[in-house]
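What follows is calculated from the coordinates using simple rules that are stated; it is not laboratory data. If you're wondering where the values come from, they're calculated on a predicted model, not measured in any experiment. Every residue, glycine as well, gets a Cβ built from its backbone with ideal geometry; the counts of neighbours run over all protein chains shown.
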Amino acid sequence: MDGYEFARGLDHASIVAASERVAWTVDEVLEGRSFDASRPLVPASWVGTNELGFLDRDEQRVLNHCRAFSYAHLLGNFEEFAPPHLGGIVQRDWHEDRARLRALLRFGDEEMKHQQLFRRTEEVLAQSCGHPFVRYFDDDKVRVTALTNAILAHPPLPRFLMVLALEWGTQRHYVESIRDRTEEPGDPLYAEILRAHWVEEAQHVKADALEIAILARQMTRDELTATFDHLLTLGGLVDTAFAGQAAREIETLRQVTGRAFSPEQSDALHETLHGSLSGIMAGVGLSHPRFVDVALELSREGAAKLGIAPRG
Ligand SMILES: [Fe+2]
Ligand SMILES: [Fe+2]
């Protein structure tokens, strides 16, 4: 579509058909199931604290469970802006192609279901692990409302690009961290949650590509370059949440183990946890070859702002 290579071969009718075929319910994924809290739930590389010698085995395991929680907690809250973000497009183009609008409305509905999946995952994790986890996003939704409003203040194109990066990241989380993992099998329920999420996100990345092509077609070269400045600001917004949730992981570890850390240890721990959280949630998506292709095709100058350079 519109000459963009990244949108070639994609069409809304196929996206809707695939979405109907792979759909699942939250109960089908979680009902009556629990996590095996005697073991790590996510790959050690997701946490990145193995090199911190002042943590013992039990503390490493608690941090691993904290990371499993943080992933669900952050994605569930990040996805809150998706329905109004997509709804704005639907409202503007209400008389457009039926298949396109259905793809966007299903996309929004699926993100709402994912929010329910991740909230239930938080609860099942607390039950399985036998302790609560400290949350960055509060129950009164003050933080998530502020984040949602801040994201929606940016134009649609950088919003779609942020969603695209996060969504390509979910593919890596499932495929590379769970399905292709050979050294130690992952927790079966956690793997199932990642699988269920990805099979629907796999339709979203196609819908994103089509919307990105439609929006980009109407923009000048300078506007496309400036889109990446918006994307950097959006990256800063989610990074604040990464830093905040990394601090909550340390708080949970303190509560569960009673362990006291020196200021130096606390700093090292926070730096490591913040870095790994940002790496697994933003870094894996921004460096995904499919995202890199989209960024480069839209604007090489813009992509360079994210540190993305043409290959070879
Ligand atoms: Fe999602
Ligand atoms: Fe999605």
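Points to keep in mind about this one:
- Leading residue by the ranking (nearest to LEU41 (Cα to Cα)) among those in segment 79-131 that are within 16 Å of ligand 1 (Cβ to nearest atom), touching a residue at least 60 places away in the same chain (Cβ under 8 Å) and among the basic types (Lys, Arg): ARG120
- Residues of segment 288-312 satisfying the condition of being of a type in the set (A, V, I, L, M) and within 10 Å of PHE228 (Cβ to Cβ): ALA295, LEU298, ALA303, ALA304, LEU306, ILE308
- Taking each residue of segment 151-168 that is more than 13 Å from ALA295 (Cα to Cα) and looking for partners that are of a type in the set (S, T, N, Q) with beta-carbon atoms closer than 8 Å, six or more apart or interchain, yields HIS154/THR233; PRO155/THR227.
- Scanning segment 153-177 for residues being of a type in the set (Ser, Thr, Tyr) and within 16 Å of ligand 1 (Cβ to nearest atom) gives a total of 2.
- The numbered conditions (1) away from ligand 2 (no atom under 16 Å from the Cβ); (2) assigned to a helix (DSSP H, G or I); (3) under 30 Å from GLY9 (Cβ atoms) are all true for GLU200 except (1).
- Across segment 1-48, the number of residues qualifying as of a type in the set (Val, Ile, Thr) and not in a helix (DSSP H, G or I) comes to 3.
Yes/no per residue for (1) surrounded by fewer than 19 Cβ atoms within 10 Å (Cβ to Cβ); (2) within 16 Å of ligand 2 (Cβ to nearest atom); (3) assigned to a helix (DSSP H, G or I):
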position: ILE193; (1), (2), (3): no, yes, yes
position: LYS206; (1), (2), (3): no, yes, yes
position: GLY236; (1), (2), (3): yes, no, yes
position: GLN245; (1), (2), (3): no, no, yes
position: GLU251; (1), (2), (3): yes, no, yes
position: ASP267; (1), (2), (3): yes, no, yes
position: LEU273; (1), (2), (3): no, no, yes
position: LEU277; (1), (2), (3): no, no, yes
position: MET281; (1), (2), (3): no, yes, yes
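- Exactly one residue out of PRO83, PRO132 is in contact with a helix residue (DSSP H, G or I) (Cβ under 9 Å, 6 or more places away or on another chain), of a type outside the set (Val, Ile, Thr) and farther than 17 Å from LEU166 by Cα, and it is PRO132.
- Residue in segment 151-167 that is more than 14 Å from ligand 2 (Cβ to nearest atom), among the aliphatic types (A, V, I, L, M), in a helix (DSSP H, G or I) and within 27 Å of LEU63 (Cα to Cα) present: no
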